[in-house]
Structures are given as C-alpha cells and as structure tokens.
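**Q** Structure below; questions to follow.
The values are calculated or read from the model by the stated rules, or taken from the named source; none is laboratory data. Please read these numbers as outputs of a predicted model, since none were measured by experiment. Neighbour counts are summed over all protein chains in view; Cβ atoms, including those assigned to glycine, are modelled from backbone coordinates with ideal geometry.
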Amino acid sequence: MSQLFAKIRRQGGGNKYRKLVSTEEAVYPDWTEKMEGSVPYSHETLAEEAEWYYLGNFSGAGYAPDILKEPIDSVDYEQLTVEEFSKLDYVFAAEEDRVCFQNITKARVVRRKMIIHIGNDFKYDPGPAMITLNEVPDAVYVRAEDRLYFRKFSSITGIFAGIDQIYRTATEDDTVKFLNSDFIALKNDFSSKQVKTANRKRIALAQDTLSHLKTGQRKEMFQYIKDYCPNLQNAGGSFEIGSEEELKLLLFGIEERFYTTLIGNEKRIANSVIPMG
C-alpha cells in the first residue's frame with residue numbers, strides 16, 4: 001500500500017504537508033535491486049550510469065525533514081485543496097519501510113482536455129488538473145538503513161533544504177584567499193574572476209584538506225604534486241597558475257588524484273574516487 005503526500009509552499013508556520021491519495025499499488029516500484037551497487041555520496045565520486053548515491057545516518061542530519069523522524073500516517077495530515085494545487089513543492093510516497101520523493105515543477109502540473117473512462121460511461125473534462133509522476137523517484141529514504149538514496153544531487157536540493165551545504169562552493173573571498181596562498185604564483189593575469197564553479201568546488205575541498213595537514217605533510221603533498229606536474233613549478237618552488245586547467249591540476253594534486261600503475265608504470269589522474277573500507 002502507498003500513501004501519497006505533498007509538501008506545499010506557504011508563508012508562516014503551520015503544517016506544510018498534505019495528503020493526496022492512498023492506493024493498494026506501489027506508486028513507485030521497489031528499487032532495492034537498483035540500489036545494491038550504490039556508492040557513498042561525495043563530489044569526488046562519479047556514479048556509473050544507473051547507479052545511485054547514498055547518504056548515511058540521514059534522519060539525524062539538519063536537512064532531514066521531520067516527517068522522516070517518525071512513522072507517517074495520513075490521519076495526521078489535511079487533504080490538499082484545489083487552491084493549494086498550484087503551490088506544490090514536491091510529493092512523497094510512504095511505501096512500507098521507505099519514503100520516495102519527487103520534485104514537482106510547473107511542467108509536472110498540467111491541464112489538458114481529455115475523455116475520461118468511468119465504468120461503462122465516458123466523460124468529457126475540458127481541463128482537469130493533473131500531477132505527472134516519474135517512473136523513478138528523485139530520492140528514496142530507507143528507514144531500516146537510515147539512508148537516503150538518489151541519482152542526481154541537483155534533483156534533491158529543492159526537496160531537502162540546506163543539503164547543498166555538503167556540496168560547498170568556495171566563495172569569492174575563499175577563492176581570492178586560496179589564489180593568494182604562499183605556494184601559488186599567478187601568471188597571465190589569472191584571477192578569481194576566471195575561476196568557474198567546478199574549480200570553486202574543488203577549492204572548497206582543498207581548503208578543508210590543507211587545514212588538516214601538518215607542516216611536514218604539506219611539504220610531502222607539494223613534492224608529490226611537483227613530481228607529477230613539474231611544469232607547474234617555477235624557479236622559486238611555487239606553483240605557477242595561469243589557467244583553469246593548471247589550477248585544476250594543482251587541486252587534483254592536493255586531493256592526491258595522481259597515481260602510477262603497477263603494471264606499465266603509466267602516470268594517471270583519477271577523475272572519480274570511491275573510498276575503500
């Protein structure tokens with residue numbers, strides 16, 4: 001049995017959740033098998049096609065909605081009204097031990113002329129309002145595991161307020177500060193204005209990594225980068241950065257993305273990382 005609910009946009013306090021409908025059929029099929037190859041979420045990890053990410057200990061996170069912290073029962077929610085139909089944020093289906101979420105955009109709320117089959121009769125409706133659902137939800141929360149599964153991070157930021165903080169992007173001040181580090185020598189008039197989103201995300205990660213390194217470890221890290229990227233080093237021992245690509249190489253080095261194959265002795269860059277153990 002599935003119970004379908006909706007989250008609406010409304011000002012002020014009060015319950016923002018509404019019940020829609022209950023059905024004996026699952027609104028979303030059981031995706032357990034598809035989740036068997038899931039990987040822990042990190043913006044260092046690129047999931048393969050059809051693979052899912054997951055976030056563990058989700059119910060205790062600050063961005064987890066209260067509805068996941070206790071059983072969901074339709075008697076606790078008012079029915080969605082016609083006036084609220086245009087204020088839908090997302091829908092969620094409570095199915096056994098999991099809750100499936102889907103974003104609702106304007107494109108998902110439609111009105112169209114149609115002929116409806118009811119019993120032995122047909123009825124013409126000039127413009128019924130409908131919510132169209134995907135076959136695959138944007139996210140699935142499994143209570144027994146306390147995990148949130150999803151395929152695209154961008155698809156869940158509108159559902160779980162504040163979750164985007166785990167995918168932090170360096171601010172302009174952060175970026176300027178990083179580029180002014182004593183181990184960087186800028187060239188070709190390169191500045192923070194030329195640093196795009198992907199590298200700003202890497203800068204945020206690199207800042208966290210560097211903040212936990214001791215002096216000796218930082219020296220080892222910088223030597224490791226120089227061994228793999230000798231073209232970045234200048235006569236003074238700093239890293240010369242004059243382009244987005246050179247900045248990316250430095251940031252990959254800080255995250256230890258460079259490695260050499262055991263057989264073949266080929267130097268490579270790991271574009272995606274999955275921690276082991």
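**Q** Can you pull out every residue in region 51-66 that is aliphatic (A, V, I, L, M) and closer than 16 Å to residue 154 by Cβ?
**A** 55 - this is the single residue of region 51-66 that is aliphatic (A, V, I, L, M) and closer than 16 Å to residue 154 by Cβ.
**Q** Tell me which residues, restricted to region 128-165, are touching a residue at least 40 places away in the same chain (Cβ under 8 Å) and part of a helix (DSSP H, G or I).
**A** 153, 155, 163, 165
**Q** Please find, among 161, 185, the residue that is under 30 Å from residue 88 (Cα atoms), in contact with a Phe, Trp or Tyr (Cβ under 8 Å, 6 or more places away or on another chain) and not hydroxyl-bearing (Ser, Thr, Tyr). Steps first, answer last, please.
**A** Values: 185 fails: under 30 Å from residue 88 (Cα atoms).
Of the residues listed, the single one that is under 30 Å from residue 88 (Cα atoms), in contact with a Phe, Trp or Tyr (Cβ under 8 Å, 6 or more places away or on another chain) and not hydroxyl-bearing (Ser, Thr, Tyr) is 161.
Residue-by-condition table, conditions (1) surrounded by fewer than 13 Cβ atoms within 10 Å (Cβ to Cβ); (2) in the same structural domain as residue 189 (by TED's automatic domain parsing); (3) within 33 Å of the chain's Cα centre (by Cα); (4) more than 22 Å from residue 186 (Cα to Cα):
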{"residue": "210", "(1), (2), (3), (4)": "no, yes, yes, no"}
{"residue": "214", "(1), (2), (3), (4)": "yes, yes, yes, yes"}
{"residue": "224", "(1), (2), (3), (4)": "no, yes, yes, no"}
{"residue": "227", "(1), (2), (3), (4)": "no, yes, no, no"}
{"residue": "233", "(1), (2), (3), (4)": "no, yes, no, no"}
{"residue": "237", "(1), (2), (3), (4)": "yes, yes, no, no"}
{"residue": "244", "(1), (2), (3), (4)": "no, yes, yes, no"}
{"residue": "257", "(1), (2), (3), (4)": "no, yes, yes, yes"}
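**Q** Taking only region 205-257 into account, find how many residues are among the basic types (Lys, Arg), free of Cβ contacts under 8 Å to residues at least 24 places away in the same chain and within 23 Å of residue 168 (Cβ to Cβ).
**A** 2
**Q** Between a residue in region 60-80 that is assigned by TED's automatic domain parsing to the domain that holds residue 7 and small (Gly, Ala, Ser) and any residue that is assigned to a loop (DSSP other than H, G, I, E, B) and surrounded by 13 or more Cβ atoms within 10 Å (Cβ to Cβ), which pairs come within a Cβ distance under 9 Å, given they are 6 or more apart or on different chains?
**A** Qualifying pairs under 9 Å: 60/146; 61/160; 64/160.
**Q** Within region 172-194, track down each residue that is within 24 Å of the chain's Cα centre (by Cα) and either modelled with pLDDT under 90 or surrounded by 15 or more Cβ atoms within 10 Å (Cβ to Cβ) (or both).
**A** 174, 175
**Q** Step by step: first the residues of region 166-182, then only those that are part of a helix (DSSP H, G or I) and hydroxyl-bearing (Ser, Thr, Tyr), then the one that is farthest from residue 211 (Cα to Cα). Which residue is that? Show your work before the answer.
**A** Just the residues of region 166-182 that are part of a helix (DSSP H, G or I), to begin with: 166-167, 172-179.
Next cut, hydroxyl-bearing (Ser, Thr, Tyr) only: 167, 175.
Working: 167: 18, 175: 15 Å.
Among residues in region 166-182 that are part of a helix (DSSP H, G or I) and hydroxyl-bearing (Ser, Thr, Tyr), the one farthest from residue 211 (Cα to Cα) is 167.
**Q** Is it fair to say residue 45 is of a type in the set (S, T, N, Q) and modelled with pLDDT under 70?
**A** It is true that residue 45 is of a type in the set (S, T, N, Q) and modelled with pLDDT under 70.
**Q** Return the only residue of 157, 197 being closer than 28 Å to residue 102 by Cβ, assigned by TED's automatic domain parsing to the domain that holds residue 218 and at pLDDT below 95.
**A** 197
**Q** Need pairs with beta-carbon distance below 6 Å; first residue surrounded by 21 or more Cβ atoms within 10 Å (Cβ to Cβ) and part of a loop (DSSP other than H, G, I, E, B) and within region 81-110, second among the charged types (D, E, K, R) and at pLDDT below 85; sequence gap 6+ or separate chains.
**A** Partner pairs satisfying both residue conditions: none exist.
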